1. Applying the selection to region 132-141, what residues are in a helix (DSSP H, G or I) and either at positive phi or surrounded by 15 or more Cβ atoms within 10 Å (Cβ to Cβ) (or both)?
2. Looking for something within 23 Å of Ala2 (Cβ to Cβ) and loosely packed, with under 14 Cβ neighbours inside 10 Å - is there at least one such residue anywhere in region 35-46?
3. Report the residue count in region 47-70 for those that are open to solvent by 60 Å² or more (accessible area, probe 1.4 Å) and at negative phi.
Amino acid sequence: MAIAKESWRDRSGKATILAGGGTTHGVLFDIAADEIPALDQIEGVGKGYDRLEGALVAMAGDTVTAVTYVATEPRPGLMPYDWYLALILAGAQEHGLPAVATALRTQPYSPDPDRNRPGRLAAVRALAEAGHHDWRALLPG
């Protein structure tokens with residue numbers, strides 16, 4: 001996993017898995033098939049992300065097939081906004097994924113110049129509802 005996908009909305013860095021056969025730690029969600037078109041739209045299929053069917057995921061000694069989203073043109077070196085990185089780190093903490101936090105310990109980030117960006121407001125609200133009222137404390141450095 002890397003912050004290597006440029007957002008089509010705000011040009012900030014977003015997370016993606018990278019090709020190469022390595023291990024990516026994450027959370028697997030079970031969603032209904034009729035929810036996939038809405039998720040495709042949110043993730044930006046056709047706008048820098050492709051939906052990858054048939055991804056093999058190892059879970060508790062078993063392997064399952066899943067769907068994931070991957071950047072069509074990954075670009076290392078992109079910077080996420082502070083709230084986006086905090087959201088990833090809070091999720092890693094909530095789901096017991098210390099490898100994700102370790103991998104992002106030195107990830108540079110930038111403050112969002114638009115404090116009223118809908119995505120930022122939704123993320124800050126979700127962080128507060130999860131108990132991260134001082135979400136900036138999640139950030140590296």
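The values are calculated or read from the model by the stated rules, or taken from the named source; none is laboratory data. Treat the numbers as computed from the prediction; the structure is a model and nothing was measured. Don't worry about glycine lacking a Cβ; one is built from the backbone with ideal geometry, like all the others, and counts go over all protein chains shown. Heavy atoms of the whole protein, side chains included, go into the accessibility calculation; ligands, DNA and RNA do not. Shrake-Rupley method; radii C 1.70, N 1.55, O 1.52, S 1.80 Å.
1. Once the filter is applied, which keeps residues that are in a helix (DSSP H, G or I) and either at positive phi or surrounded by 15 or more Cβ atoms within 10 Å (Cβ to Cβ) (or both), region 132-141 yields Trp135, Leu138.
2. Yes; the residues of region 35-46 include at least one that is within 23 Å of Ala2 (Cβ to Cβ) and loosely packed, with under 14 Cβ neighbours inside 10 Å.
3. 12
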